[in-house]
Amino acid sequence: MAFAENLQTIRKQKNLSQEGLAELLGVSRQAVSKWELGEGYPEVEKLLVIAKELDVSLDSLMGTESINNENTGSSSEIRIYSPNEGITLSTSVVTRSPEFKTGKNSPKFALFASSDITNIFGGSQNRFLGWYKNIEDISNEIQEINTALESGTANYTLKYSVKCKKSFLKLKIDE
């Protein structure tokens, strides 16, 4: 399920109109409408506000592009460690977010571990793994994870993710 569909579903479950959500977020109703139509995405900072205001995880909001080992015929899992986030998850599927429209020193992509378990919104359950500053870094990470899956590697440590810090609902790369 894409971000646009997730946002609309969650908004309706919370009995909010587009105008009501827009008011909560300090944006126009047209902005919410564009997001729900898939014609754009909010900035990363706004995603954090949306998750907070709708009382859902960021993972629940994200529309993701699945990149997994279905093409390899492998059904194994890999344990992925994210040093910047301090988490370890087992998965056979990794997904990336669409590109965020963010400031100069903010991450452009997020990486998720996805499970086959269906969440209450009808989509896969996604768990956040890390932030990435550009498409090359997240693509390299996904390629290396898939190579590790294909070779039967049991563990993988993220190499290309960046450490970020939050400040007043703004997310910045901590360099």
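Summary of computed values
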| item | result |
| --- | --- |
| Residue in the stretch 109-128 that is at pLDDT 85 or above, outside any strand (DSSP E or B) and aliphatic (A, V, I, L, M) present | no |
| Positions within the stretch 2-30 being within 17 Å of Glu99 (Cβ to Cβ) and modelled with pLDDT of 90 or more, in sequence order | none |
| Matching residues in the stretch 21-64 - criterion: being in contact with a strand residue (DSSP E or B) (Cβ under 6 Å, 6 or more places away or on another chain), within 12 Å of Phe3 (Cβ to Cβ) and among the β-branched types (Val, Ile, Thr) | Thr64 |
| Residue that is modelled with the lowest pLDDT [pool: residues in the stretch 129-155 that are in contact with a helix residue (DSSP H, G or I) (Cβ under 8 Å, 6 or more places away or on another chain) and in a helix (DSSP H, G or I)] | Glu150 |
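The values are calculated or read from the model by the stated rules, or taken from the named source; none is laboratory data. Remember, it's a predicted structure, so these values are computed and weren't measured experimentally. Please note: Cβ atoms are built from the backbone with ideal geometry, for glycine as well, and neighbour counts cover all protein chains shown.
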